[in-house]
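Everything on this sheet refers to the single structure shown next.
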Amino acid sequence: MAIYPFFASLSWSIFDRTSIFVALASLTIVAVRLIKKPRRLPFPPGPRPLPLIANALDFPLARPWETYTRWGQQYGDITHIKVLGMHIYVLNSAEATGDLLDGRSNLYSSRPDMPVAELTGWHMTMATLPYGDMWRKHRALYHNKFKQESVHQFIPLLTCKAHVLLRQLLATPDERVEHIRNYPAASLMYICYGHTIESHHDPLVEISETAAQEVAETILKGSLVNMLPMARHLPDWFGFQRSARECRRKVNLMLNVPYESVRRHMTSGNTVPSWMSEMLDVNDSKGGDKAEEEIIKSVTASSFAGKTVPPFRNPACANDYTSTAANDTTASALQFFVLAMLLYPEVQRKAQEELDRVVGLGNIPTFEDRESLPYIDAIFRELLRWRPPAAIGVPHSSTKDDIYRDYYIPKGSIIFANIWGMSHDSSVYPNPEAFQPERFLNPDGTLNDNDKPFAFGFGRRVCVGSAFAREIIWIAIATMLSVFQFDKAKTPEGNDIEVDGGFSDSLVMFVPPPLFDRTRLNFVLLLLSHPLEFKCLIKPRSQACEEAILKTPELKLDSLELRWFE
Ligand code: HEM
């Protein structure tokens, strides 16, 4: 049967020419949209998903950077997996990371959502805030304090704290791990609140640590709450409610003890100048907005809060804990520095030759010597390349559907950039496992232009403390190398105790998202890498070095008196 007569019989009165034109045009637009619609495009390649559980078994929980790097070799520089309904993308090249996280930072600057974190009161830390106005406010305050042009204000304090570190290492070298951990914590506590840490058991540091510890444990117990929000109404004996309440109490102490103490000093006309007192002054002068005050509490707490011993603790590692921002990244870099000096004694020798040439044996360098000490800066850059403290960074999440290289990336995807893989790309860094500061030097010994470490992350979420990190780590490395010799410890027979160079996993833990709400994603717990425990001999390089350490001036600082309340 011919179809034509049917169409021929249609009356022009029903389908006049204009209507047909409009209908055809609309159909064309819809068709083009459908064809171009991102959903039609494929996801990037990745491990084959299984029915029902998709890639749940592929997701690496231990040493994830190794799996990511393997995926990069197998599937190219962008890999896709699907876990518990979430689309996860792993970027394995500087090009793809630059294109998406830097180049399209308007789309890729959020963080995975964390329903359980809200229940525990832990959603206030800046690194976990979703992209938006609240994050912008936090970031602006942070940037203002820690931007490149402002970090010179910290020079006297950091010099003083580096000298404290030298004196501690001289007095009790076997407590190296604790001294190094204490150094960034003591610097940041003073900057944030004007509080001086007197011992390794400072009450304020302990409060922040136990708060974070409590959060990690509550999050584990809270997986069920994340999946089934109704579960939050389970009775107290179920455990989660009690945990969450205790957690909120500790977070509350962490935010309010320093705040109340700073306030009390300000009111009594006895202010110890600090970042918090500065911000409160500005806010007070504008009428003392309460919401702004809460932001001030959170921003200061974000910089040091968050050391926890993870639930799957590596017993061989003295330091495996997770952290939110500043303290542990810095401590991790410095622990790896000591390890590198043991494994690469020729690097230590070259650095000390440079120091002796520039400042002379028995003298301690200052920031003023930095320009003349390029090899020390090269050590710093190589350190962040060789053992980036956050090997897979902090995940970003996308806020709109997107297409990249004809692949589809839906809104709400989680994006990991494999910082480790990019820093160990042998086409850029030949023999990447070797610690070679020379990679960052020109043939004439000056520093080359490669000064954008992947270790600080990407785009609008790039580490806001990176300028400060460069200062605090540099002065510690330069002063330690000038006066100390780092060697392998010896057996009673005088033989070297070997150091295997191992380090703790950077572990990623996913808590399942709500069963019926795919827009609320999950919680991701990231651990920073730290060296596995190793023994080390730390001795002054000479009598003159020992005297120089003992002569370092002690900066007398006013200190905040903490005021406790429950
Ligand atoms: C070696 C030292 C450090 C390393 C390797 C490091 C690394 C990182 C990385 C990888 C991120 C995530 C970037 C991204 O999402 O792409 C980050 C974020 C952050 N870092 Fe650092 N960091 C260091 C030191 C510091 C210091 C000293 C501070 C504070 C003074 C700090 C404050 C922050 C904050 C607040 C964020 C969250 C930024 C945001 O989400 O917008 N970091 N850091």
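The values are calculated or read from the model by the stated rules, or taken from the named source; none is laboratory data. Worth saying up front: this structure is predicted, and the values here are computed from it rather than measured. Here Cβ is always computed from backbone atoms with ideal geometry, including for glycine, and neighbour counts include all displayed protein chains.
Of the residues 196, 120, 159, 172, only one is buried (at least 21 other Cβ atoms within 10 Å of the Cβ), more than 16 Å from the ligand (Cβ to nearest atom) and either at positive phi or not charged (D, E, K, R) (or both); which? Working first, answer last.
Details: 196 fails: buried (at least 21 other Cβ atoms within 10 Å of the Cβ); 159 fails: buried (at least 21 other Cβ atoms within 10 Å of the Cβ); 172 fails: buried (at least 21 other Cβ atoms within 10 Å of the Cβ).
It is 120.
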Among all residue pairs at least 6 apart or on different chains, which show Cβ distances below 6 Å where the first residue, located in segment 460-487, is under 30 Å from residue 399 (Cβ atoms) and the second is more than 6 Å from the ligand (Cβ to nearest atom)?
460/105; 460/109; 461/109; 464/143; 467/148; 467/151; 468/151
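Can you pull out every residue in segment 532-544 that is under 35 Å from the mean Cα position of the chain (by Cα) and of a type outside the set (Asp, Glu)?
Just the residues of segment 532-544 that are under 35 Å from the mean Cα position of the chain (by Cα), to begin with: 532-541.
Scanning segment 532-544 gives 532, 534, 535, 536, 537, 538, 539, 540, 541.
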Which residue is nearest to residue 112 (Cα to Cα), if the candidates are limited to segment 442-455 and must be without any contact (Cβ under 8 Å) to a residue 60 or more places away in the chain and either within 14 Å of the ligand (Cβ to nearest atom) or acidic (Asp, Glu) (or both)?
452
Quick count over segment 176-193, residues being away from the ligand (no atom under 16 Å from the Cβ) and in contact (Cβ under 8 Å) with a residue 24 or more places away in the chain, is 2
Looking at segment 180-276, what helices (runs of 4 or more DSSP H) fall wholly within it and have at least 3 residues that are at pLDDT below 65?
203-221, 223-227
Being within 22 Å of residue 468 (Cβ to Cβ), touching a residue at least 40 places away in the same chain (Cβ under 8 Å) and more than 13 Å from the ligand (Cβ to nearest atom): is that true of residue 165 here?
yes
So, first residue at positive phi in segment 361-390, second residue among the charged types (D, E, K, R) and at pLDDT 95 or above, Cβ within less than 8 Å, six or more apart or across chains; the pairs are 362/547
What is the one condition in (1) at pLDDT 80 or above; (2) touching a strand residue (DSSP E or B) at 6+ places or on another chain (Cβ under 9 Å) that residue 477 does not satisfy?
(2)
When you go through (1) in a loop (DSSP other than H, G, I, E, B); (2) modelled with pLDDT of 95 or more one by one for residue 460, which number turns out not to apply?
(1)
More than 11 Å from the ligand (Cβ to nearest atom) and either modelled with pLDDT of 95 or more or hydrophobic (A, V, I, L, M, F, W, C) (or both), is that true of residue 134?
yes
With at pLDDT 95 or above, surrounded by 16 or more Cβ atoms within 10 Å (Cβ to Cβ) and within 16 Å of the ligand (Cβ to nearest atom) as the only criterion, which of 484, 468 stands out?
468
If you take the residues of segment 405-441 that are farther than 28 Å from residue 350 by Cα and surrounded by fewer than 18 Cβ atoms within 10 Å (Cβ to Cβ), which of them is nearest to the ligand (Cβ to nearest atom)?
411
